[in-house]
1. Name every residue in the stretch 88-102 that is modelled with pLDDT of 95 or more, outside any loop (DSSP other than H, G, I, E, B) and closer than 15 Å to Gln161 by Cβ, in order of residue number.
2. Can you tell me which condition Arg266 does not meet? The list is (1) under 26 Å from Pro460 (Cβ atoms); (2) surrounded by 17 or more Cβ atoms within 10 Å (Cβ to Cβ), and all the others hold.
3. Can you pull out the residues in the stretch 385-413 that are of a type in the set (A, V, I, L, M, F, W, C), over 28 Å from the mean Cα position of the chain (by Cα) and crowded, with 17+ Cβ neighbours inside 10 Å?
4. Quick check, is Leu114 crowded, with 18+ Cβ neighbours inside 10 Å, over 30 Å from Gln417 (Cα atoms), modelled with pLDDT of 95 or more and touching a helix residue (DSSP H, G or I) at 6+ places or on another chain (Cβ under 9 Å)?
5. May I ask you to say which residue of Leu237, Leu202 is more than 30 Å from Ala571 (Cβ to Cβ), in the same structural domain as Gly72 (by TED's automatic domain parsing) and either part of a loop (DSSP other than H, G, I, E, B) or of a type outside the set (Val, Ile, Thr) (or both)?
6. Does Val282 satisfy the criteria of being aliphatic (A, V, I, L, M) and buried (at least 23 other Cβ atoms within 10 Å of the Cβ)?
7. Where the second residue is crowded, with 22+ Cβ neighbours inside 10 Å and the first is among the basic types (Lys, Arg) and lies in the stretch 375-401, which pairs have Cβ atoms under 6 Å and are six or more apart or on separate chains?
8. I'd like to verify a number: residues in the stretch 496-506 that are within 44 Å of the chain's Cα centre (by Cα) and either more than 13 Å from Gly593 (Cα to Cα) or free of Cβ contacts under 8 Å to residues at least 60 places away in the same chain (or both), how many?
Amino acid sequence: MRLFCAALLLVSTTLMAQTSTTPKQAPPQPAAPPKFEFPAHHTRKLPNGLTLFVVEDHRLPLVSMTLDILAGGARDEPAKAGVAAMTAALLREGTATRSSEELARLIDDCGGALNASSDDDTTTVSGSFMKSFTDLGLELMADIVLHPKFEQEEIDRQMQQAQSGMQMQYSDVAYLANLVGSRVVFGQHPYGYPHEGTPQTLRRIQRDDLVAFHKTYYAPADSFLAIAGDITPEEALAKAEKYFGGWKTATPPALKLPAPAATSRRVVIVDMPSAVQTQIFVGQVALPRNHPDYVPLNIANQVFGGSFNSRLNMKLRANEGLTYGASSMMHPLRESGAWGVKTFTRTEKTAEAIKMILDLLAEWRANPASQAEFDEAREFMVGAFGLSTETSGAVAGRVVNAAVFGLPGDYWATYRQLLESQTRDKVAAAVQKHIKPDLEAIVAVGDAKGFAKALENFGPVTIIPAGDLDVIAPGLRKPKEAPSAPPEDNAKAKQIVNAAIEAAGGLEALSKIKDLSSKSSMKMSTPQGEMPAEASEEVLYPDRYRITIKLPVGEVTHAFDGQTGWMSQGAMVRELPPGMGREFAKGAIVASGVGLLLAAGEGKASLSLIPPDEADGNRLDGVLWKQGDNEMKVYFDPDTKLLSKVTYNTVSNTGPVETDSLFSDYREMQGVKLPFKEVIRQNGVTVGERIITERKINGGLPPSRFQKP
C-alpha cells in the first residue's frame with residue numbers, strides 16, 4: 001500500500017510539473033459562417049388591400065400563419081391606454097357564431113394554436129396547424145379578427161385578470177423600472193404610455209371603446225398576412241381570398257407620430273422602502289427600425305451591453321461585483337425607438353453602479369469598438385441570423401416584420417451582406433451621432449432613503465412614492481383630491497359668471513338661442529408655415545356640434561350627434577372612437593362661450609373660484625367650471641365682464657393637449673353679445689386664428705344635420 005501511494009504521488013507530481021511547463025493552448029479560430037440564403041417568399045395583394053406573404057416549406061406537414069395589423073397601443077388615447085391590448089386579448093373570447101369554449105375546443109381538438117396580442121405598433125394574431133387543418137386554422141383566424149363579439153361577461157373577466165396581474169407587477173421593481181423608464185424617455189409621446197394600460201386606465205375602458213377601436217383600426221389595407229409551411233403560393237392565395245377576401249373595413253388615417261421631444265438628463269426615483277435592492281434603468285430616445293443607422297448602432301450595442309462578455313456586464317458584474325447581470329438593448333419601433341441599460345444592485349451601491357454606467361457610456365462614445373470587439377460582434381450577428389431563421393414560421397415572421405417597419409422587400413435577403421458591409425468607422429459614427437450621455441434618463445426603483453441624496457450628482461431628482469405613481473399623469477403622480485372650495489369662493493365664482501351672463505345680454509336672451517352657426521376665415525399655423533382655411537361651425541344646443549374646415553388640400557368635417565362622433569374627408573366617412581368623439585362634443589360647450597354660460601346660469605354646471613395667483617397672472621377673473629366629465633377653466637375680463645378665455649384638456653394623436661380658446665371682438669346680435677374673433681392655442685403655442693365673417697342665430701338647424709351621412 002505504501003509503495004502504491006508513493007507511485008501515485010510520483011505520477012501526480014510529474015503530471016503537475018508537466019502541466020506547469022506546458023504553454024496554454026489558444027482556442028481554435030472560429031470557422032467561416034456557413035453559406036446561408038434567406039428563403040424565398042411570394043408576395044400578393046388582395047383586392048381589399050390585404051398584403052399576403054407565402055413561405056413555401058414542405059419539410060414538415062405544418063402550416064403557420066401570422067397576421068399583423070397596424071392597430072397598436074400608440075393609437076390609444078392616454079387616458080384609456082390599454083384599449084388596443086384589451087381588444088386583442090378578447091379576440092379569442094367569442095365571435096358572432098362561436099363561443100370562447102367552442103373556439104378553444106376546435107383549436108385543441110386538432111392540436112393547433114391560435115393567439116392574439118398587441119404592442120405599441122401592431123396587433124398580432126398567430127396560429128399553427130397541421131396541414132390537414134389549414135382551412136380550419138384560417139377560418140378560425142378570420143372569424144376572431146373579423147367578427148369578435150366582445151361579450152360583457154368576457155370583458156369583465158379579462159379586465160379582472162389584467163387588474164390582478166398588474167397588482168403583482170406593480171410590486172416588482174424590474175417591471176416598474178421598465179414602465180417608468182419608457183415614460184421618462186418618451187415623455188408625453190404615445191410611445192411613452194404603457195400599451196397594456198394601467199389599473200386606472202383599464203377602469204375607464206368600456207365595451208363601446210373596444211368595439212369602436214376594432215371597427216376603426218382593424219382594416220385589411222393596414223394588415224399583413226403571412227402563411228408559411230407545407231403549402232404552395234397558389235393554395236395560400238386561394239385560401240386567403242376565401243377567408244379574408246370579404247374583409248371590407250375602410251382604411252383609417254395613417255398614424256404619423258412626431259419625433260419625441262428632446263429632454264435634458266433627469267433622475268426619477270420610485271421609492272419602495274420594502275425593496276431589498278435597486279432596479280436601475282438608464283436610457284434615451286433612439287432610432288426607428290427602418291433608420292439606416294440602426295444596424296451599425298445595433299452592432300455597437302452588442303459591444304457595449306448586448307452580450308455576456310460585453311463591456312457593461314464585465315465591468316459591473318465580473319470586475320466590480322455590483323450585480324449578477326447588466327445589459328443594454330435596442331427597442332426599435334415604427335416611428336421612433338429607445339435604447340437603454342438595465343441592471344440591479346444592492347441599495348447602498350446604487351449611486352456607484354449608476355456612475356459606472358455613465359462613465360462607461362462616455363468611454364463608449366469616445367471609443368465605440370476596438371477592432372477585436374467589432375469583429376466578434378459582427379461575426380456573432382452574422383451567424384445568429386441564420387440560426388434564427390431555421391423554420392418557415394420564423395422566416396414568415398421576419399417578412400411581416402419588414403413590412404410593418406417599412407423595410408425594403410429584399411431586406412432580409414440582403415441582410416447578411418448588410419451586416420458584413422459594416423465597418424468600425426460606421427459603427428463609431430452611429431454611436432457618436434445617436435448616443436448622448438447628457439440626455440440619458442435615469443430611473444431607480446428601490447428604497448430611496450439609501451441612495452436618493454447621492455443621485456443628485458447626476459441631475460435633477462424627482463422622488464415618487466410607489467403608491468403615488470401614475471405613469472399616465474404628466475408629473476407621474478396620481479392627482480391629489482382637490483379640497484372643497486370654501487362657500488365664499490363658490491359664491492364669488494357665481495358672482496363672476498352671473499356678471500358675464502348679464503354682460504352678454506342676460507340669461508333670458510341667451511336661453512332663446514337654440515342653434516348657432518357661423519362662417520369664418522382662418523389662419524392655421526403648421527410646421528410648413530401658415531395655411532389659409534375657411535371654417536363653418538354649427539351648434540344645436542345642448543350637445544350637437546359640427547365643424548367643417550376647407551383647406552387648400554381638401555375638406556374635413558368633424559361632428560358629434562349627441563351620442564357618437566364622426567368625421568369625413570373626401571369620400572371617406574367613418575365613426576370616431578368614443579373617446580375622440582367626446583372630445584368633439586366639447587365644441588358645443590366652448591363655441592362662442594354660449595354653452596358654458598347657459599349651463600352655469602341654469603345651474604347645470606358647478607362653479608368654484610380659481611385662486612387669483614393662478615388666474616392667468618392676476619389679469620383675469622378665473623372660475624373652474626364642471627359639468628359631468630367635462631372640466632374647464634374659464635376666465636373673464638374684469639373690465640367688460642365678458643368671457644375672455646377657456647382652457648380645457650383634450651387628446652390628439654400626439655398625446656394629451658391643453659387647449660386655450662381666446663375670445664375677443666364682441667358684437668351685439670339679437671340682444672346678445674358674441675365674439676367675432678377666436679385664437680386657438682395648444683400647449684401654449686398658437687395653432688389657429690378665426691375671424692367670424694357671418695353669424696346666424698336660430699337658423700333652424702335640424703338634428704339630421706349632425707348625423708353621419
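1. Ala88, Ala89
2. Arg266 satisfies all of (1) under 26 Å from Pro460 (Cβ atoms); (2) surrounded by 17 or more Cβ atoms within 10 Å (Cβ to Cβ) except (2).
3. Phe385
4. Considered against the rule, which asks whether it is crowded, with 18+ Cβ neighbours inside 10 Å, over 30 Å from Gln417 (Cα atoms), modelled with pLDDT of 95 or more and touching a helix residue (DSSP H, G or I) at 6+ places or on another chain (Cβ under 9 Å), Leu114 comes out as yes.
5. Exactly one of Leu237, Leu202 is more than 30 Å from Ala571 (Cβ to Cβ), in the same structural domain as Gly72 (by TED's automatic domain parsing) and either part of a loop (DSSP other than H, G, I, E, B) or of a type outside the set (Val, Ile, Thr) (or both), namely Leu202.
6. yes
7. If the second residue must be crowded, with 22+ Cβ neighbours inside 10 Å, the pairs left are Arg378/Ile299.
8. 2
The values are calculated or read from the model by the stated rules, or taken from the named source; none is laboratory data. The structure displayed is predicted, hence computed values, not measured ones. Note that we place each Cβ from the backbone using ideal geometry, even for glycine, and neighbour counts take in every protein chain shown.
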